[in-house]
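In what follows, a structure is listed as structure tokens, so that the remarks can point back to it.
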Amino acid sequence: IMFTSISSLKAHHRRGAVEWQVVRRIVAGILIGTFLGSCFAAALSTKVLIVFFALFLLFIAAQMLTNQKPKPSRELPGTIGVNVVGAIIGIVASLTGIGGGSLSVPFMIWCNVAIHHAIGTSAAIGLPIAVAGTVGYVFNGWGVAELPEYSIGFVYLPALFGIAAISVITAPLGAKLAHSLPVGKLKKIFALLLIAIGTKMLLGII
């Protein structure tokens, strides 16, 4: 995700779709939450948290598919509120192995951020999530026996380089496609993605 998010955020930034003030306000909470999530991944019971966010994703997806709009008065909370949300997003992302965008984009759309800007901003938010998560899983996996060869902690280097090599190429294509699609069609595509992710999260804890 580190490599993908760098490639993606550059593409979105060129189109003016990254809300950098939101990134600056949320990054501290993201870093803390993601690192803590990676540290407690094996010991923390997260069923309630996962169910809550899975249902939240399905709720947002239903709103998108039925073209319901959030209250016009709703906006992003202050710095403390944004960091609390960022910490929760980081924890859930690191514990479930999903990208933060699947949580941060619905949250921003719920707060009346335009979908193209929500997607672009989530690409930038994905970088600190990936950095903190990687550091956490390297730290907690250091010295663990029976890991595959060419591993650094819980990070398996052949998979890392293989996936990164392709995703760096395809991320800008995804950004270009996102900005070329009409808002209505983009919302439907993203809603279907949220349904898939929410369903997978619920099935994963059964």
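The values are calculated or read from the model by the stated rules, or taken from the named source; none is laboratory data. What you see is a predicted model, and the numbers here were worked out from it, not measured in a lab. Positions of Cβ are backbone-derived with ideal geometry, glycine not excepted, and every protein chain shown enters the neighbour counts. Quick note on the areas: whole protein, heavy atoms, side chains included, nothing else; ligands and nucleic acids left out. Shrake-Rupley method; radii C 1.70, N 1.55, O 1.52, S 1.80 Å.
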Would you confirm, using the coordinates I've provided, whether Y137 is modelled with pLDDT of 85 or more and over 25 Å from A118 (Cβ atoms)? no
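Residues to consider are F190, F161, F154; find the one that is under 25 Å from I89 (Cα atoms), aromatic (F, W, Y) and open to solvent by 80 Å² or more (accessible area, probe 1.4 Å). Before the answer, list the steps.
On the way: F190 fails: open to solvent by 80 Å² or more (accessible area, probe 1.4 Å); F161 fails: under 25 Å from I89 (Cα atoms).
None of the others qualify; the one that does is F154.
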Within segment 1-90, which helices (runs of 4 or more DSSP H) (wholly inside it) include 2 or more residues that are among the basic types (K, R), open to solvent by 90 Å² or more (accessible area, probe 1.4 Å) and closer than 23 Å to G174 by Cβ? 2-14
If I115 satisfies all but one of (1) more than 15 Å from V23 (Cα to Cα); (2) open to solvent by 40 Å² or more (accessible area, probe 1.4 Å); (3) of a type outside the set (D, E, K, R), what's the number of the condition it fails? (2)
Would you please list the contacts, defined by Cβ atoms under 6 Å and residues six or more apart or on different chains, that run from a residue in segment 123-134 that is at negative phi to a residue that is open to solvent by 10 Å² or more (accessible area, probe 1.4 Å) and not in a helix (DSSP H, G or I)? A124/V18; G126/I1; G126/G99; A130/I1
Can you tell me how many residues in segment 91-128 are assigned to a loop (DSSP other than H, G, I, E, B), more than 20 Å from H13 (Cα to Cα) and not small (G, A, S)? 2
Odd one out for G120 among (1) free of Cβ contacts under 8 Å to residues at least 12 places away in the same chain; (2) open to solvent by less than 60 Å² (accessible area, probe 1.4 Å): (1)
The residue from V131, V144, V155 that alone is of a type outside the set (S, T, Y) and under 24 Å from H12 (Cα atoms) is V131
